[in-house]
Amino acid sequence: MQQDMIVIVDLGSEENTRMAREIRALGVYSEIHPHDITLPQLLDLPNVKGVILNGGPNRRVEGVDIDVLPELYHSGIPLLACDHRAAQHSCDLTVASLPADRLQTKQLLKSFLFNICKAVPNWTIDNFISDQIERIRRQVGDKKVLLALSGGVDSSVLAALLIRAIGKNLTCVHVNHGLLRKGEAEQVVKVFGKELNANLVYVDAQERFLTQLEGVADPEEKRKIIGAEFIRVFEEEARQLDGIDFLGQGTIYPDIVESGTKTAKVVKSHHNVGGLPDDMKFELVEPLDMLFKDEVRACGKALGLPESMVERQPFPGPGLGVRCLGAITRERLHIVRESDAILREEFANAGLSGKVWQYFTVVPDFKSVGVRDNARSFDYPVIIRAVNTIDAMTATIERIDWDVLETITQRITHEVPGVNRVLYDLTPKPVGTIEWE
Ligand code: XMP
């Protein structure tokens, strides 16, 4: 069933995303479009029941007020103007102006959606899944899709959706670069290879990455090597597969919104797999590109993925590589992986897993003196980092209970060889970044 849709036209508001989320929370699907959307483009979108002109502080572009094309005022589709200036447009269509006050806003929004637009609240994850399965089948036909399955939330949910839609015509490639957390590669193989019976190519490239990284201490250099090597391994695998026409990509809505709009500056550029050689051209399949992160998680749950996979905290592409500071050694990589697993276990025991945004351990490349069994030790410290944030641009530290910290310290210093101290990072962002490298 195709859902009803409310289109938000960006007239320089900084609240487009919030508005879209509020409408979706009321059960109606909503998308954000630029101010210069044409009437044919608007009419081409499925089931548009109403349009919200969302004006705001960025409405003046290069000294001139921007507005929608005049024809939109005569489209016959109900309009709601959320900008005082927009109300000046006298036209014979439904134009209501929306006071800034939030409480009233919600009531007005509801009344606009359900009384004026007569939208049906049929935006549900199950409807989304069945729509997308149809859409994927239409796009791909009986051709083949390739997907780099990292095991992160977005690529895992995408894989599960593509498996539902096209089964064995999807090939997932999981590259284990040796910088994954404890148990991650095993979970990918178990969930996708065994339970979902996917066409999964597991590539054990651990030695290859570690060799490339040997002696490299500069953080940016490490990132570059990991990124480039990843593309190389993925490309080698892709070349061995026959007749692939499509590349699955776990782009989600914030990636698109954050790539910048016509009225706001770019927050960060849109990451994509990119970097594949020019002679390897694939058409992209991006069925999650209209979902917010929490909707991606809900989609994963509805598709039967385990909670531990869907509720996973963010994890950088270069993985533990940027948490094993300086030149990576096998010994310190082992320390960071094992201590991270203990930290996660104890956070779960303390009921903190769903509450704290991101938490992990870091291992620096220096040692300190300690004492164990009446003898001097000279071992590495482990640093605990636990932060909360909305958008990762700024972050505050989580005030972890002292007892929890002591349990973690006790376990790490006794269960992980080569560690004689545990430290707790109290630095917010700014001045620190979330990661140490
Ligand atoms: P920072 O350290 O810049 O991190 O405060 C902000 C967020 O981004 C994640 N992060 C990365 N993610 N590749 C990624 O995919 C990277 O190289 C990378 N570096 C940092 C970090 O984990 C945090 O959530």
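Odds and ends about this structure:
Results for (1) in contact with an Asp or Glu (Cβ under 7 Å, 6 or more places away or on another chain); (2) surrounded by 22 or more Cβ atoms within 10 Å (Cβ to Cβ); (3) under 14 Å from L247 (Cα atoms), shown as yes or no for each residue.
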site	(1), (2), (3)
R135	no, no, no
Q139	no, no, yes
V145	no, yes, yes
S156	no, yes, no
A159	no, yes, yes
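- Filter result for the condition that a residue is part of a loop (DSSP other than H, G, I, E, B), away from the ligand (no atom under 12 Å from the Cβ) and touching a residue at least 24 places away in the same chain (Cβ under 8 Å), over I342, I328: I328
- Taking first residues from region 425-437 that are farther than 19 Å from I328 by Cβ and in a loop (DSSP other than H, G, I, E, B) and partners that are open to solvent by 60 Å² or more (accessible area, probe 1.4 Å) and more than 8 Å from the ligand (Cβ to nearest atom), the Cβ contacts under 6 Å between residues at least 6 apart in sequence or on separate chains come to P428/T396.
- Restricting region 400-409 to residues that are open to solvent by less than 20 Å² (accessible area, probe 1.4 Å) and outside any loop (DSSP other than H, G, I, E, B) leaves a set whose member that is farthest from the ligand (Cβ to nearest atom) is L405.
- Across region 316-332, the qualifying residues are those that are β-branched (V, I, T) and over 24 Å from the mean Cα position of the chain (by Cα), and the one among them that is nearest to M393 (Cα to Cα) is I328.
- Complete set of residues in region 1-46 that are over 16 Å from T263 (Cβ atoms), part of a loop (DSSP other than H, G, I, E, B) and of a type in the set (D, E, K, R): D4
Residue by residue, here is whether (1) more than 23 Å from the chain's Cα centre (by Cα); (2) farther than 21 Å from I434 by Cβ; (3) part of a loop (DSSP other than H, G, I, E, B); (4) not small (G, A, S) holds:
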| residue | (1), (2), (3), (4) |
| --- | --- |
| H334 | yes, yes, no, yes |
| S353 | no, no, yes, no |
| G370 | yes, yes, no, no |
| I384 | yes, no, no, yes |
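- Within region 105-123, the set of residues being open to solvent by 60 Å² or more (accessible area, probe 1.4 Å) and aliphatic (A, V, I, L, M) comprises I116, V120.
- Number of the condition not met by D294 [criteria: (1) assigned to a loop (DSSP other than H, G, I, E, B); (2) at pLDDT 90 or above]: (1)
- The residues of region 307-321 that are within 16 Å of the ligand (Cβ to nearest atom) and either outside any helix (DSSP H, G or I) or surrounded by fewer than 20 Cβ atoms within 10 Å (Cβ to Cβ) (or both), listed by number, are E311, R312, Q313, P314, F315, P316, G317, P318.
- Here region 410-421 is the region considered, the condition is being open to solvent by less than 30 Å² (accessible area, probe 1.4 Å) and touching a residue at least 60 places away in the same chain (Cβ under 8 Å), and the residue that is nearest to D391 (Cα to Cα) is I412.
- Scanning region 57-90 for residues that are in a loop (DSSP other than H, G, I, E, B), of a type outside the set (A, V, I, L, M, F, W, C) and at pLDDT 85 or above yields D67, S75, G76, P78.
- Residue in region 217-225 that is surrounded by fewer than 20 Cβ atoms within 10 Å (Cβ to Cβ), touching a helix residue (DSSP H, G or I) at 6+ places or on another chain (Cβ under 6 Å) and over 22 Å from L303 (Cα atoms) present: yes
- Checking the stated criteria, R208 turns out to be surrounded by 14 or more Cβ atoms within 10 Å (Cβ to Cβ), charged (D, E, K, R) and over 24 Å from the mean Cα position of the chain (by Cα).
- Only one of I390, I397 that is free of Cβ contacts under 8 Å to residues at least 40 places away in the same chain, out of contact with any strand residue (DSSP E or B) (no Cβ under 7 Å at 6 or more places or on another chain) and either of a type in the set (K, R) or within 14 Å of the ligand (Cβ to nearest atom) (or both): I390
- The set of residues from region 422-437 being under 15 Å from P381 (Cα atoms), within 16 Å of the ligand (Cβ to nearest atom) and open to solvent by 30 Å² or more (accessible area, probe 1.4 Å) comprises just one member, W436.
- Answer residue from region 141-167, given it is in a helix (DSSP H, G or I) and β-branched (V, I, T) and is farthest from G304 (Cα to Cα) among those: I166
- Failed item, numbered, when A238 is tested on (1) at pLDDT below 95; (2) more than 24 Å from E435 (Cα to Cα); (3) open to solvent by 40 Å² or more (accessible area, probe 1.4 Å): (3)
- When region 42-54 is filtered for residues that are exposed (fewer than 14 other Cβ atoms within 10 Å of the Cβ) and closer than 18 Å to L11 by Cβ, only L45 remains.
- Tally of residues being in contact with an Asp or Glu (Cβ under 7 Å, 6 or more places away or on another chain) and within 16 Å of P364 (Cβ to Cβ) across region 378-431: 7
- Just one of (1) in contact with a His (Cβ under 9 Å, 6 or more places away or on another chain); (2) surrounded by 17 or more Cβ atoms within 10 Å (Cβ to Cβ) fails for H177. It is (1).
- All positions within region 369-387 that are of a type in the set (S, T, N, Q) and touching a strand residue (DSSP E or B) at 6+ places or on another chain (Cβ under 6 Å): S377
The values are calculated or read from the model by the stated rules, or taken from the named source; none is laboratory data. The shown structure was predicted, so the numbers you read here are calculated from the model rather than taken from an experiment. A quick note on method: Cβ atoms are made from the backbone with ideal geometry, for glycine too, and the neighbour counts reach across all protein chains shown. Side chains are part of the model used for accessible areas, which takes the heavy atoms of the whole protein and leaves out ligands, DNA and RNA. Shrake-Rupley method; radii C 1.70, N 1.55, O 1.52, S 1.80 Å.
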